[in-house]
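Have a look at the structure below, then the notes.
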Amino acid sequence: MKQQRTAFTLTELLVAIAIIGILAALITTATSSSMGAARRASCMNNLRNIAGGLNMYVHTTTFRLPYCTMSPSNPPAGEENMPSIVETLNGYLDNKKVFHCPGDLSATYYTRDGTSYEWQSSLVNGRLLDAASLKLIGIERFIMMDTDNFHPDTGESAKNYLYADGTVTTKPKGL
């Protein structure tokens, strides 16, 4: 009996390659999306850690926020001699890496300013916090946020926002 040889036809081979390509694209999209979510969650955790250091700071200053510059490398007018939030919280945080947002992939801001986050200096410098709730007295306002749109996968906002009471949101409250 003669044995019949079977082989892939060109059409079958092309279909198999197309299926593998589609599966690879799906896996890449899912992986990219989950990596973005992981970076956003890690960023939110960093902001919560910064809030912990800030909480210790305000307890030593009768619940008054520090006077810090918004941008250490390019301070706005009137903030030239102010320290950065990194310098201010130096003794209150063990690890300065919490100031690096994982979404700042090229570490552009972190390298330049020592932080990927922006202190809202013009609105919160020296403001008093309520001792019980640690909320700003008189306004509902975030105190820090991502310097740039590091989290485009969030849909509503590409930034995370930190409030004085330690709350971190992806979209600023009230907007």
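Selection of first residues in the stretch 155-175 that are hydroxyl-bearing (Ser, Thr, Tyr) and at pLDDT 80 or above and of second residues that are part of a loop (DSSP other than H, G, I, E, B) and surrounded by fewer than 17 Cβ atoms within 10 Å (Cβ to Cβ), restricted to Cβ pairs under 7 Å at least 6 apart or on distinct chains, gives the following pairs, ordered by first then second residue: TYR161/PRO172; THR170/GLU156.
Among the candidates LYS97, LYS173, which residue alone is assigned to a helix (DSSP H, G or I), charged (D, E, K, R) and out of contact with any His (no Cβ under 9 Å at 6 or more places or on another chain)?
LYS97
For the stretch 73-89, filtering for residues that are part of a loop (DSSP other than H, G, I, E, B) and in contact with a helix residue (DSSP H, G or I) (Cβ under 8 Å, 6 or more places away or on another chain) leaves 6. For the stretch 56-72, a residue qualifies if it is surrounded by fewer than 17 Cβ atoms within 10 Å (Cβ to Cβ), of a type in the set (Val, Ile, Thr) and assigned to a helix (DSSP H, G or I), and exactly one does: THR60. With respect to the stated conditions, TYR110 is modelled with pLDDT of 90 or more and under 14 Å from the mean Cα position of the chain (by Cα).
Scanning the stretch 106-122 for residues that are of a type in the set (Val, Ile, Thr) and either surrounded by fewer than 14 Cβ atoms within 10 Å (Cβ to Cβ) or assigned to a helix (DSSP H, G or I) (or both) yields a count of 2.
The values are calculated or read from the model by the stated rules, or taken from the named source; none is laboratory data. Please read these numbers as outputs of a predicted model, since none were measured by experiment. Neighbour counts run over all protein chains shown; Cβ positions are idealised from the backbone, glycine included.
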